[in-house]
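Working notes for the structure below.
Just so it is clear, none of the values below were taken in a lab; they were calculated from the coordinates. None of the values given here were measured: they were computed from a predicted structure. All Cβ positions, even for glycine, are placed from backbone atoms using ideal geometry, and neighbour counts span all protein chains on display.
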Amino acid sequence: MNAWIARRNPPVSALTLQQNRIFIFPSSVGLGFGALLLGLLLLAINYQNNLIFMLVFALFSVSIITILHTYINLSGLRIQAGNSEPVFAGETAHFHLHLDSGSRPRYQLQLSFAEQRTVICEMPRAGQHYELRMPYPATSRGRLQPGRLQLRSDFPLGILRCWAMPMMDWHCLVYPRPKMLRPLQSSADSGEGVSAARRDSDEFSGFERYRRGESPRRIFWKAYARGQGLFSKQYEAGSSDRLILDWDSLEGLGEEDRLSNLCAWVLECEQRGLAYGLRVPGMFMPPDLGPAHLKAALRVLALWGGRA
């Protein structure tokens, strides 16, 4: 069944629901309704009662009309996958979903991932746009893909269930869970967990708002190009060693614990304004500081070991 659905619904970033993606089956209420109609029909045949015949035919006509309305409620609905923000392992990732009602209203839309909490929305006007945040637990680091989106509706009577299972082109980057198993120390303290590379010139200590009269050579032009304003690089003469957060210095810990510890160190260095580098097997990042460096370091830790 899943393989058949996968062939009919390959991964896409946006789609409009049409008949090849929509399925209709009786709900549990609908099965009971069908059993009731069958019972009434047998009763009418047995007693040759025209009133019961009329009731059966009227209810059967309603069920046929319901099929059309149930299908129309999903047909033409436009779905687009949005961006997702990175999270740490153990947190809940949220996948953004954009809905466009198109030419008609939409009612009682139920959306969820497999075995996850259902989100319900309605779009009572034609041409209405709606944005949802679909929750999904991020249990481990790497690139998280939540699987197929389950979209259902029992509108209007609840006797039929119309559903679609589009595979959206979604992913969310999950960083290792920060765990300070070993404390961060400078090389002057004894260096456990940290190796240091000395530099002969002044030591970079962080960024501050640019002040009139400072040398243009100290301006952090990358931040200015990104529209983040003018910042100047600050240095301390004869300061302590620059930190290299080193995988090999965490001997005795497993791979995931090392990554969690390195993640905690990275966050602490950023909080303390310490320039830091990162060394893991097969990868070295030179010392730096700032949001871009933090994002790059966390990405390396998230995807290390082929977690792509």
PHE57, PHE231 arranged by Cβ crowding within 10 Å, fewest neighbours leading: PHE57, PHE231
Backbone HN-Hα couplings from phi across segment 283-290 [Karplus 6.51/-1.76/1.60, Hz, Gly and Pro as x]: 7, 9, 10, x, x, 6, 7, x
Local net charge near ASN261, Cβ-Cβ under 9 Å (Lys/Arg +1, Asp/Glu -1): +2
Built amide H within the under 5 Å cut-off of LEU243, gap 5+: GLY277
Electrostatic dipole magnitude of segment 2-175 [Cβ: Lys, Arg +1; Asp, Glu -1; Cα centre; debye, to 20]: 280 debye
GluC sites (Glu not before Pro) restricted to DSSP loop in segment 241-308 with at most 13 other C-beta within 10 Å: GLU251
Fewest-first ranking of TYR224, TYR175, TYR71, using other Cβ atoms within 10 Å as the exposure measure: TYR224, TYR71, TYR175
Neighbour-count ranking [beta-carbon atoms within 10 angstrom, fewest first] of TRP221, TRP170, TRP304: TRP221, TRP304, TRP170
Table column - 3J(HN,Hα) (Hz), segment 93-102, Karplus curve with 6.51, -1.76, 1.60, x for Gly and Pro: 7, 10, 9, 7, 10, 9, 10, 10, 5, x
Kirkwood Rh, Cα atoms: Rg over Rh of segment 2-175: 1.11
3J(HN,Hα) from dihedral phi, segment 29-40, Karplus parametrisation 6.51/-1.76/1.60, rounded to Hz, x for glycine, proline: 5, x, 5, x, 5, x, 5, 5, 4, 4, x, 5
